[in-house]
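**Student:** Here you go, one structure.
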Amino acid sequence: ILFQLVWLGLNVFLFWWYYLVYDVPPKFFYTRVLLGRALALARAPAACLNFNCMLILLPVCRNLLSFLRGSSACCSTRIRRQLDRNLTFHKMVAWMIALHTAIHTIAHLFNVEWSVQARVEEKDTLAAVLSGLGDKPHESYVNFFRQTIANPVGGLYVAFTYLAGITGVVITLALILIITSSTKTIRRSYFEVFWYTHHLFVIFFIGLVIHGAGRIVRGQTAESLAEHNPEVCHKNFSHWGKNGACPIPQFAGNPPMTWKWVVGPMFLYLCERLVRFWRSQQKVVITKVVIHPFKTIELQMMKKGFKMEVGQYIFVKCPAVSKLEWHPFTLTSAPEEDYFSIHVRIVGDWTEGLFNACGCDKQEFQEAWKLPKIAVDGPFGTASEDVFSYETVMLVGAGIGVTPFASVLKSVWYKYCHDATNLKLKKIYFYWLCRDTHAFEWFADLLQSLEAQMQERNNAEFLSYNIYLTGWDETQATHFVVHHEEEKDVITGLKQKTLYGRPNWENEFKTIAGKHPGSRIGVFLCGPEGLADTLNKQSISNSEADPRGVHFIFNKENF
């Protein structure tokens with residue numbers, strides 16, 4: 001919240017400061033005569049646009065964030081948690097850009113209308129005299145519109161012939177397409193539309209940098225102000241340039257400033273893309289493809305020099321499906337394994353294409369050399385990396401959102417098999433919510449292994465897991481009742497029985513808080529926004545004000 005308040009405060013300060021810069025000083029006195037308050041109302045949001053366009057690329061520099069996240073020297077746990085909210089901040093900055101773009105555009109519509117009108121109105125007004133400056137030799141103009149074309153044709157002429165007008169139209173259209181295609185519905189149902197339109201940011205930034213090159217906002221020069229005081233001389237505008245009167249004022253355009261704000265982030269992002277390209281050229285070998293229930297496939301891969309931590313994610317490209325698209329997937333393997341793996345649920349065109357390219361639509365065995373080429377970028381850090389920083393954690397997964405915790409639980413299993421004495425983590429509360437019984441099947445084997453391992457070491461209390469089935473039909477319900485008394489659960493094969501419905505999170509948090517007084521408990525979620533809001537509120541309401549009391553630290557996967 002503090003970080004967001006600082007960012008909002010800087011936006012407010014920049015807007016206020018630059019509004020005063022254009023609304024008060026005598027430098028823009030005559031420009032205000034032509035344009036009124038719309039001048040300041042156009043320039044103030046322009047400054048905020050520069051600031052936010054400087055920030056918008058930084059949250060998506062994944063390699064930079066991973067470097068900062070992994071550098072303990074400059075990154076405390078609290079700062080790492082802020083870095084994990086990079087996409088949330090990216091979206092907030094995008095909406096702020098949209099807001100200031102709207103204000104800037106509306107203000108300039110009035111500026112253009114009044115500039116055009118001043119060129120064709122009666123010649124005995126101050127606005128007309130100012131607009132006529134520049135028509136004679138040795139004069140500099142203040143009104144950028146030099147033609148004598150009335151509105152609305154004059155306004156359209158500015159929009160489609162002036163550099164500022166053309167670039168303004170282009171970057172505004174690009175921004176509209178980027179934002180409208182970024183809604184949750186589009187991202188989930190038509191990811192390709194989202195992915196391609198988002199790359200209009202290249203056009204947006206090119207247009208942004210050259211938008212001010214035409215220097216249409218003009219102010220009186222310092223030399224002219226020394227001999228022509230506009231607050232005095234504007235009263236005798238008809239005598240300018242005559243003996244004993246005020247000299248004709250001279251004007252100059254504001255130099256473009258946007259490039260100074262965005263050149264640094266643009267260079268960092270260019271380096272980011274070069275690193276991604278270099279990584280994508282490194283050879284990746286698919287060693288195994290496993291078809292799991294619930295329309296899920298597992299890809300086991302190997303890559304020279306690949307090192308990972310628990311809960312990290314990678315971006316995957318399959319040129320056989322699309323030569324341009326990259327999609328994020330959480331790693332489900334453990335760092336201790338000699339391969340890395342992802343689980344892919346078939347939910348769209350790209351995943352369907354990957355499913356077919358891997359031969360999963362065929363009944364016969366697929367030869368390894370027939371498997372498609374895969375490019376991998378990553379791994380990148382997430383909140384789940386911090387699991388081993390706590391003594392007590394709550395892991396909450398919903399549906400396929402269980403994948404980051406597969407890596408965590410596998411790593412726990414390996415550590416227990418080899419050396420558990422150095423493990424800071426002492427207690428795991430694991431919650432998995434699923435709508436369909438088939439979704440449990442691919443993950444049940446891992447839980448069964450963990451369950452047996454903990455019992456062998458007389459530490460069955462280390463892992464408490466609660467599996468919730470949130471959807472079932474009448475036939476399934478009858479089957480569950482018939483087999484309820486059996487030693488192992490009828491769905492998962494585990495000794496812990498599957499629960500039906502949804503958890504009472506308030507009771508769960510209160511129970512855990514009572515068992516671990518004075519502890520910092522990490523709450524990790526990979527799931528929908530609605531569940532994230534619920535867990536975040538419970539984490540806050542069940543944390544004590546006393547620093548020595550129990551505190552729930554909420555973390556959510558974002559990619």
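**Student:** For Arg279, Arg37, Arg85, give me the order by solvent-accessible area with a 1.4 Å probe, most accessible first, ignoring ligands, DNA and RNA.
**Tutor:** Numbers: Arg279 50, Arg37 145, Arg85 85 Å².
Heavy-atom accessible area, descending, gives Arg37, Arg85, Arg279.
**Student:** Ok, one more. Only Cα pairs under 8 Å and at least 6 apart count here; give the relative contact order of the chain as a rounded whole percent.
**Tutor:** 11
**Student:** Select from the stretch 344-433 those chymotrypsin sites (Phe, Trp or Tyr not before Pro) which occupy a DSSP coil region and have at most 15 other Cβ atoms within 10 Å, ordered by residue number. Walk me through the numbers on the way to the answer.
**Tutor:** Values: sites: Trp350, Phe355, Phe365, Trp369, Phe380, Phe388, Tyr390, Phe405, Trp413, Tyr414, Tyr416, Tyr429, Phe430, Tyr431, Trp432; in loops: Phe365, Tyr390.
Counting only loop positions with at most 15 other Cβ atoms within 10 Å, the chymotrypsin sites (Phe, Trp or Tyr not before Pro) in the stretch 344-433 are Phe365.
**Student:** Same structure, new question: Ratio of Rg to Rh for the stretch 291-351, alpha carbon only, Kirkwood? Before the final figure, lay out the partial values.
**Tutor:** Details: Rg = 12.1 Å, Rh = 12.6 Å.
For the stretch 291-351, the value is 0.97.
**Student:** By how many degrees, between 0 and 90 and to the nearest 10, does the Cα long axis of helix 441-456 differ from the longest principal axis of the chain?
**Tutor:** 60
**Student:** Could you state the accessible area per residue of the stretch 91-193 in Å², with a 1.4 Å probe and every protein chain left in place? Present the calculation step by step, with values, prior to reporting the outcome.
**Tutor:** Details: 5610 Å² over 103 residues.
Using a 1.4 Å probe on heavy atoms only, each residue of the stretch 91-193 averages 54 Å².
**Student:** Another one. Would you kindly derive the ³J(HN,Hα) couplings of the stretch 407-412 from the backbone phi angles with the Karplus curve 6.51 cos²θ - 1.76 cosθ + 1.60 (θ = phi - 60°), listing them in order in whole Hz, with x for Gly and Pro?
**Tutor:** Each residue's phi maps through the Karplus curve to give 5, 4, 5, 4, 5, 4 Hz.
**Student:** Sticking with this one: Straight-line reach from Lys235: which lysines have Cα under 30 Å away, leaving out those fewer than 8 places along the same chain?
**Tutor:** Lys235 reaches Lys27, Lys123, Lys136.
**Student:** What does the convex hull of the Cα atoms come to per residue for the stretch 168-212, in Å³? Don't jump to the answer; show the numbers that get you there.
**Tutor:** Working: hull volume 2.1 nm³, N = 45.
Dividing the Cα hull volume of the stretch 168-212 by its residue count gives 46 Å³.
**Student:** Could you sort out which of Lys184/Lys537; Lys184/Lys317; Lys304/Lys370; Lys184/Lys427 sit more than 28 Å apart by Cα distance in this structure?
**Tutor:** On the way: Lys184/Lys537 23 Å; Lys184/Lys317 22 Å; Lys304/Lys370 21 Å; Lys184/Lys427 35 Å.
With Cα atoms farther than 28 Å apart: Lys184/Lys427.
**Student:** Over the alpha-carbon set of the stretch 209-261, divide Rg by the Kirkwood Rh and report the Rg/Rh ratio to two decimals. Provide the component values of the computation, followed by the final result.
**Tutor:** On the way: Rg = 14.7 Å, Rh = 12.7 Å.
A ratio of 1.16.
**Student:** Loop-only check: which trypsin sites (Lys or Arg not before Pro) in the stretch 305-368 are DSSP coil with at most 12 other Cβ within 10 angstrom?
**Tutor:** Numbers: sites: Lys307, Lys317, Lys323, Arg345, Lys362; in loops: Lys307, Lys323, Lys362.
Filter output for the stretch 305-368: Lys307, Lys323, Lys362.
**Student:** Leaving out ligands and nucleic acids, and using a 1.4 Å probe, what accessible area per residue does the stretch 234-322 come to in Å²? Intermediate values should be presented prior to the final figure.
**Tutor:** Numbers: 5110 Å² over 89 residues.
Here the residues of the stretch 234-322 average 57 Å² of exposed surface.
**Student:** Right, another one. Can you tell me how much longer the chain between Tyr162 and Gln147 gets when fully stretched, taken as 0.36 nm per residue apart minus their C-alpha distance, in nm with one decimal? Before the final figure, lay out the partial values.
**Tutor:** Working: separation 15, 0.36 × 15 = 5.40 nm, distance 1.18 nm.
Value of the extension gain: 4.2 nm.
**Student:** Okay, next question. How much length would be gained if the chain were fully extended between Tyr500 and Phe110, taking 0.36 nm per residue of separation minus their Cα-Cα distance, in nm to one decimal?
**Tutor:** Numbers: separation 390, 0.36 × 390 = 140.40 nm, distance 6.11 nm.
Extra length from Tyr500 to Phe110 when fully extended: 134.3 nm.
**Student:** In Å and whole numbers, how far do the C-alpha atoms of the chain stretch along each principal axis, longest first?
**Tutor:** Largest to smallest, the principal-axis extents are 108, 60, 48 Å.
**Student:** Show that you can apply the helix-only estimate: for the chain, add -39,500 (n - 2.57) for every DSSP H stretch of four or more residues, divide by all residues, and state [θ] at 222 nm to the nearest 500.
**Tutor:** After summing the helix terms and dividing by the residues of the chain, the value is -15000 deg cm²/dmol.
**Student:** Taking all protein chains in place and a 1.4 Å probe, what share, in percent, of the accessible surface of the chain do carbon and sulfur account for?
**Tutor:** Answer for the chain: carbon and sulfur cover 60 percent of the accessible area.
**Student:** Along Cα→Cβ, 7 Å out, is where each label goes; now give me the distance between the ones at Leu173 and Asn422 in nm to one decimal.
**Tutor:** 6.0
**Student:** Taking H as built 1.01 Å from N, whose amide H comes closer than 5 Å to the amide H of Asn466, not counting residues under 5 places away?
**Tutor:** The list, which skips near neighbours in sequence, is Phe430, Tyr431, Trp432.
The values are calculated or read from the model by the stated rules, or taken from the named source; none is laboratory data. Since this is a predicted model, take the numbers as computed values, not measurements. No Cβ is skipped: glycine too gets one built from the backbone with ideal geometry, and neighbour counts run over all protein chains shown. In case anyone asks, the SASA skips ligands and DNA or RNA and just uses the protein heavy atoms, side chains included. Shrake-Rupley method; radii C 1.70, N 1.55, O 1.52, S 1.80 Å.
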